[in-house]
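Below is one structure, written out as structure tokens, with a few remarks after it.
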Amino acid sequence: MVRVRTSLAQLPAYVPGRKVPGAVVLASNESPYGLLPGVAATLTELAGGMSRYPDLSATALVQAIAGHHEVEPDRIAVGAGSSEVCGQLLHSVVGFGDEVVFGWRSFEAYPILTAVAGGVAVRVPLLDHALDLDAMAAAITDRTRLVFVCNPNNPTSTAVGERALLDFADRVPEDVLIVVDEAYREYADPALVPDALALLGDRPNVVVLRTFSKAYGLAGLRVGYCVAPPWIAAHVRKTQVPFSVSALAQEAAVVALGERAEVARRAALTVVERERVTLMLHALGFEVPDSQANFVWLPLADESADFAVHCLGGHVVVRPFLGEGVRVTIGLPQENEAFLDLAATWRG
Ligand SMILES: Cc1ncc(COP(=O)(O)O)c(C=O)c1O
């Protein structure tokens, strides 16, 4: 009998948001606005070239990302979504039995990818639905190799501010990699939520993770990246599955970066809707932590599963985390309205 790794036996599988045909899907934090106009045209144009391998080094994309952030290209490493880049970072620094610290609950891929890399997950409970950076710093031991700081945090939507992030970074030893995951950066208020690259980008142990899956509307094409010190980026490149970022994904991401104004316009629409949805939910008596992302968090605890079933009954798919809460992605105004109608009829 083939023996599988025991560390993987207890590992929960990643639970994706449900896809229910015909329903309003507010479960995966995707952009509701579809492809950016230039991206749609590019995809049609390139489809005929798919019998060829993509550029292994994603040269044009890496250059475009470097230009976007005004850094040298040797600081960029790409992957098939920032999920793959999370894994690449773990494979670069985590050895068997090494510890990886993150807040919990946070992005559900962190414990899975940590176990796959042979590491040990150290989950630090949230405080008032937000990362408890003091407790996270205190959880770092001699065995710790990497810390994920998800800012804003998925699924609770809250963000940590500049002072707290700086103080935290000062407390983390230089041989521990701090990965600031900014998947939802475009939806955050820059006056409240620091840009980790601007704040900490010159530190030798800080990496910033970004994705094209959310505000850039490319979730289905799978492309993400990190900005890191050059020698770390070099290792992250080595741990990428060869050719994992397809030619379509590379080209689409380059075009998407060129549509910065439209990306910002769409993100602003989502923020307006987020504030409206939050106000309405407050008026209905729901607790809703302040969101800096493209979703809101309803800490419904034991009622989470029932609430999700109630929404599904009205053909709206939300994302329950059993016993904890429900995450609801901000969609188009009419989709949010359908959700709010259901929230209003919850408990009669
Ligand atoms: C916090 C966070 N990081 C990373 C990702 C990964 O996104 P992707 O792999 O699509 O880039 C997600 C996706 O939901 C996320 O919520």
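The values are calculated or read from the model by the stated rules, or taken from the named source; none is laboratory data. As the structure is a prediction and not an experimental result, all values here were calculated from the model. Note: ideal-geometry Cβ built from the backbone for every residue, glycine included; neighbour counts use all protein chains shown.
Here are the numbers for the structure shown:
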| read-out | value |
| --- | --- |
| Some residue of segment 206-228 being in contact (Cβ under 8 Å) with a residue 60 or more places away in the chain and more than 16 Å from the ligand (Cβ to nearest atom) | no |
| Residues satisfying the stated conditions in segment 9-33, i.e. surrounded by 11 or more Cβ atoms within 10 Å (Cβ to Cβ) and at positive phi | N29 |
| Condition check for L43: outside any loop (DSSP other than H, G, I, E, B) and surrounded by 14 or more Cβ atoms within 10 Å (Cβ to Cβ) | yes |
| Some residue of segment 338-345 being in the same structural domain as V277 (by TED's automatic domain parsing), out of contact with any helix residue (DSSP H, G or I) (no Cβ under 9 Å at 6 or more places or on another chain) and surrounded by fewer than 17 Cβ atoms within 10 Å (Cβ to Cβ) | yes |
| Conditions (1) modelled with pLDDT under 90; (2) touching a strand residue (DSSP E or B) at 6+ places or on another chain (Cβ under 7 Å): number failed by A27 | (1) |
| Test result for L165, over 15 Å from the mean Cα position of the chain (by Cα), without any contact (Cβ under 8 Å) to a residue 60 or more places away in the chain and within 16 Å of the ligand (Cβ to nearest atom) | yes |
| Selected residue [within 22 Å of A233 (Cβ to Cβ) and assigned to a strand (DSSP E or B)] from F107, F102 | F102 |
| One residue from A183, A137, A159 being small (G, A, S), within 11 Å of the ligand (Cβ to nearest atom) and either part of a loop (DSSP other than H, G, I, E, B) or surrounded by fewer than 21 Cβ atoms within 10 Å (Cβ to Cβ) (or both) | A183 |
| Selection within segment 302-324 - assigned to a strand (DSSP E or B) and over 22 Å from Y184 (Cα atoms) | V316 |
| Only one of V236, V255, V223 that is touching a strand residue (DSSP E or B) at 6+ places or on another chain (Cβ under 6 Å) and hydrophobic (A, V, I, L, M, F, W, C) | V236 |
| Any chance T114 is of a type in the set (S, T, Y) and either modelled with pLDDT under 95 or within 22 Å of Q10 (Cα to Cα) (or both) | yes |
| Close pairs (6 angstrom Cβ cut-off, 6 or more residues apart or separate chains): touching a residue at least 24 places away in the same chain (Cβ under 8 Å) in segment 171-200, of a type outside the set (A, V, I, L, M, F, W, C) and surrounded by fewer than 20 Cβ atoms within 10 Å (Cβ to Cβ) anywhere | P194/E162 |
| Residue that is nearest to the ligand (Cβ to nearest atom), among those in segment 72-116 that are free of Cβ contacts under 8 Å to residues at least 40 places away in the same chain and over 19 Å from the mean Cα position of the chain (by Cα) | P73 |
| Enumeration of residues in segment 46-68 that are in contact with a helix residue (DSSP H, G or I) (Cβ under 7 Å, 6 or more places away or on another chain), part of a helix (DSSP H, G or I) and either assigned by TED's automatic domain parsing to the domain that holds P320 or surrounded by fewer than 19 Cβ atoms within 10 Å (Cβ to Cβ) (or both) | L46, G49, A60, Q63, A66, H68 |
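Conditions (1) part of a loop (DSSP other than H, G, I, E, B); (2) more than 30 Å from I65 (Cα to Cα); (3) hydroxyl-bearing (S, T, Y), marked per residue:
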{"position": "W231", "(1), (2), (3)": "no, no, no"}
{"position": "V255", "(1), (2), (3)": "no, no, no"}
{"position": "L281", "(1), (2), (3)": "no, yes, no"}
{"position": "G285", "(1), (2), (3)": "yes, yes, no"}
{"position": "S291", "(1), (2), (3)": "yes, no, yes"}
{"position": "V326", "(1), (2), (3)": "no, yes, no"}
{"position": "Q334", "(1), (2), (3)": "no, yes, no"}
{"position": "F339", "(1), (2), (3)": "no, yes, no"}
